[in-house]
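Worksheet: one structure, shown below.
The values are calculated or read from the model by the stated rules, or taken from the named source; none is laboratory data. Model, not experiment: these values are computed from the prediction. Positions of Cβ are generated from backbone atoms using ideal geometry, with glycine treated the same way; all protein chains shown enter the neighbour counts. SASA here: full protein model, heavy atoms, side chains in, ligands and nucleic acids out. Shrake-Rupley method; radii C 1.70, N 1.55, O 1.52, S 1.80 Å.
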Amino acid sequence: MDKNTYFRGGACFFLLPIVFILSPTHLRAQSALPCYACHSGENDNWLLGRHANTQKDVAGEIAANWQGQTPDSVIHGSAAENCVACHSPLAVTTNGGMTETQVMGHYFTTTGGFYTDSTQAADTANWPHVGCNTCHDVPSNHTSHVLPTLAIFNSTTAQYDSMPTTATLCGQCHGTLRFAETDHRIFDAWKLSRHGHRGQSDVAGELAGSWAGKTPNDVINGPDAENCVACHAPTAVGQKSGDTTEVMVLSRFFTTSGGQFTAGTAPSDTAHWPDVSCTACHDPHRPDTLSYYNTSTRTYQVMASSNQLCGQCHGNLRFAGTDHLSYNVEEAIGGVGVAAQATMPGAGCTDCHMHKGETDGTNSLMYKGHSWSIFIHEPDSSTTASCTSCHAGMNADSSKTVIAGWKAEFASTDSLAQLRVASADSALQGITDSVRQAYLAEAKSNLSLAESDESGGFHNHKYSMALLNDAIAKSALITGVTMPQANLPLRFALHQNYPNPFNPSTIIRYEIPLESRVALKVYNVLGQTVAILRENVESAGYKIVEWTAAGMPSGIYFCQLQATSTSHPVKAYSQVMKMLLIR
């Protein structure tokens, strides 16, 4: 057994001996204390994650892509991939010190000095994986008062590179911070997202705008408390800054005057503000498990699903009184007297917002969904969309058309709902009718839930529209007056389908200015009905429907819209549009 290895319960644990990391200009001593003795929970989690199992992955990559190449070619060749730097940088300290090339030759089998398709891992007992002191510079006099610093061990220089935040640490290997040409670009995607930028300025603006004259403690613990830290930068608590409460974080990262926020409050110490970093959603010692970092307990809570994780901040799972309720609308919960329904049954937050492609060289693949954007701009200037994962006949442009249609319908109906609810509220001033007051409370609640989704009507469009229409209907019961329908279509209309030509799906948009009996049908050139897309009574608004011509032959098809107002039977409309299906 290697002198630096300890066995407990059948598992192998690497201690931290006095390690002299050698380089021409550097010598460092590490603590001799075994990590697991004080950090057994973190150690147990680490053993279950992929950071503790990196050698097999490297061996498989070498056998598949580096046949006939030497260890030096892998590290220094024209198509070099420095496996050691990320998969096990501490390997250069084993056997008295080695170069990265020597590590590749020692820990992976070769034949005649060349890798083959049967190359496999060697000397597995001493391969250190991505261990504790890969990401922690542990001082030789480490105690509860002399703590490790956040740093990554650089296998090329055999020195520690200090890191300001956990995100920049992760980004050394899961992004282009260390190797510009890597295809692991999760960090880069994160920086493009709201999770990776603007968080501190957004919080500063909120503090300056709504909390002027209040203290950090008022914000976190006061009667109208808003725990900004818990969602905007949870790992600011207990991380590099050493701040152990949310109040301490607000005091450190935002300017005050006399201990109070002012209209001039601005971000402070931006270098260490972590935003919503990697470790907000991934326990660093077991990153494969979705976890939420709770700033109050300073512990990770394992999540049952990605929806549950998103719902901590984009829903009311953590804070019941929040007005960020995308999770609730997606799950169709919280509406009063509105039945649950789903626009895309079975689809969750990450199905749309963490699109992962399969084509090498695309951002869709390299980002691994961490931009959280439905639309991804690719290196070849094209755009891909997560919608195509389920809707093979759609592309980015047609996806945008669908979303724009949903948002337009939501916006017009939302404007009407606001008018109706405001009118009902005004009509009930000074009136104590409990029944009508109950209707008003329900209308306000459903309107608020629909608007708190913050997607403009995209998340679970059916449920959002049901909430708004319920608010309108209940307001009408109170007032008994039909209000002007603001922002609704002025006339009937059937628009040209998009795309056209199409294969096999296309989007059809139409408008009805009044509640009407609607029939939307597709005919072939013989006049035969091949699809009935809509045949029911519909409220006024901007409408959108997708037709998938499954099993239909190539050729010309005709889409006909017939609509008759339910309140004015003389107001009728009929229009035909030509469409072209090309297989």
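Answer with yes or no whether ASP351 is open to solvent by 70 Å² or more (accessible area, probe 1.4 Å) and assigned to a helix (DSSP H, G or I). Answer is yes for this residue. The condition (being of a type in the set (Ser, Thr, Tyr) and more than 17 Å from the chain's Cα centre (by Cα)) is satisfied by just one residue among THR279, THR289, THR270: THR270. So, of the residues in segment 190-227 that are among the small types (Gly, Ala, Ser) and surrounded by 14 or more Cβ atoms within 10 Å (Cβ to Cβ), which turns out to be nearest to the chain's Cα centre (by Cα)? Result: SER193.
Give the residues of segment 288-307 that are touching a residue at least 60 places away in the same chain (Cβ under 8 Å), assigned to a loop (DSSP other than H, G, I, E, B) and open to solvent by less than 60 Å² (accessible area, probe 1.4 Å), sorted by residue number. Once the filter is applied, which keeps residues that are touching a residue at least 60 places away in the same chain (Cβ under 8 Å), assigned to a loop (DSSP other than H, G, I, E, B) and open to solvent by less than 60 Å² (accessible area, probe 1.4 Å), segment 288-307 yields THR289, THR295.
What helices (runs of 4 or more DSSP H) lie completely within segment 201-282 and have 2 or more residues being charged (D, E, K, R) and either under 30 Å from HIS136 (Cβ atoms) or touching a residue at least 60 places away in the same chain (Cβ under 8 Å) (or both)? Because the criterion is at least 2 residues that are charged (D, E, K, R) and either under 30 Å from HIS136 (Cβ atoms) or touching a residue at least 60 places away in the same chain (Cβ under 8 Å) (or both), the helices (runs of 4 or more DSSP H) in segment 201-282 that meet it are 246-253.
Each residue in segment 53-107 was checked for being among the aliphatic types (A, V, I, L, M) and either on the phi > 0 side of the Ramachandran plot or open to solvent by 20 Å² or more (accessible area, probe 1.4 Å) (or both), and 4 pass. Of the candidates ASP380, ASP323, the single residue that is within 24 Å of SER193 (Cα to Cα), over 22 Å from the mean Cα position of the chain (by Cα) and part of a loop (DSSP other than H, G, I, E, B) is ASP380. When SER364 is tested against (1) under 23 Å from ASP288 (Cα atoms); (2) assigned to a loop (DSSP other than H, G, I, E, B), exactly one condition is not met: (2). Every condition in (1) more than 29 Å from the chain's Cα centre (by Cα); (2) surrounded by 16 or more Cβ atoms within 10 Å (Cβ to Cβ) holds for ILE152 except the one numbered (1). Taken together, SER373, SER399 contain a single residue that is of a type in the set (Gly, Ala, Ser) and either part of a helix (DSSP H, G or I) or free of Cβ contacts under 8 Å to residues at least 12 places away in the same chain (or both), which is SER399.
Of these, HIS459, HIS391, which one is in a loop (DSSP other than H, G, I, E, B), open to solvent by 50 Å² or more (accessible area, probe 1.4 Å), touching a residue at least 40 places away in the same chain (Cβ under 8 Å) and touching an Asp or Glu at 6+ places or on another chain (Cβ under 9 Å)?
It is HIS391.
Can you tell me which residue within segment 252-296, out of those that are touching an Asp or Glu at 6+ places or on another chain (Cβ under 8 Å) and polar (S, T, N, Q), is farthest from LEU48 (Cα to Cα)? The residue in question is SER296. Within segment 308-330, the residues that satisfy the criterion of being buried (at least 20 other Cβ atoms within 10 Å of the Cβ) and of a type outside the set (Phe, Trp, Tyr) are LEU309, CYS310, GLY311, GLN312, CYS313, HIS314, GLY315, LEU325, SER326, ASN328, VAL329, GLU330.
Within segment 266-287, not a single residue is out of contact with any Ser or Thr (no Cβ under 9 Å at 6 or more places or on another chain), open to solvent by 20 Å² or more (accessible area, probe 1.4 Å) and of a type in the set (A, V, I, L, M). A single member of VAL138, VAL130 is at pLDDT 95 or above, open to solvent by less than 30 Å² (accessible area, probe 1.4 Å) and not hydroxyl-bearing (Ser, Thr, Tyr), and it is VAL130.
How many residues, within segment 180-200, are over 19 Å from LYS356 (Cα atoms) and in a helix (DSSP H, G or I)?
Adding up the residues that qualify gives 2.
Entry remark, segment 98-155: residues being assigned to a strand (DSSP E or B), farther than 25 Å from ARG286 by Cα and either basic (Lys, Arg) or touching a strand residue (DSSP E or B) at 6+ places or on another chain (Cβ under 7 Å) (or both) number 1 in total.
Checking segment 513-529 against the condition returns a match, with at least one residue being of a type in the set (Val, Ile, Thr), without any contact (Cβ under 8 Å) to a residue 60 or more places away in the chain and surrounded by fewer than 18 Cβ atoms within 10 Å (Cβ to Cβ). Against the conditions (1) over 30 Å from LEU580 (Cβ atoms); (2) open to solvent by less than 50 Å² (accessible area, probe 1.4 Å), where does PRO504 fall short? Just the number, please. The failed condition is (1).
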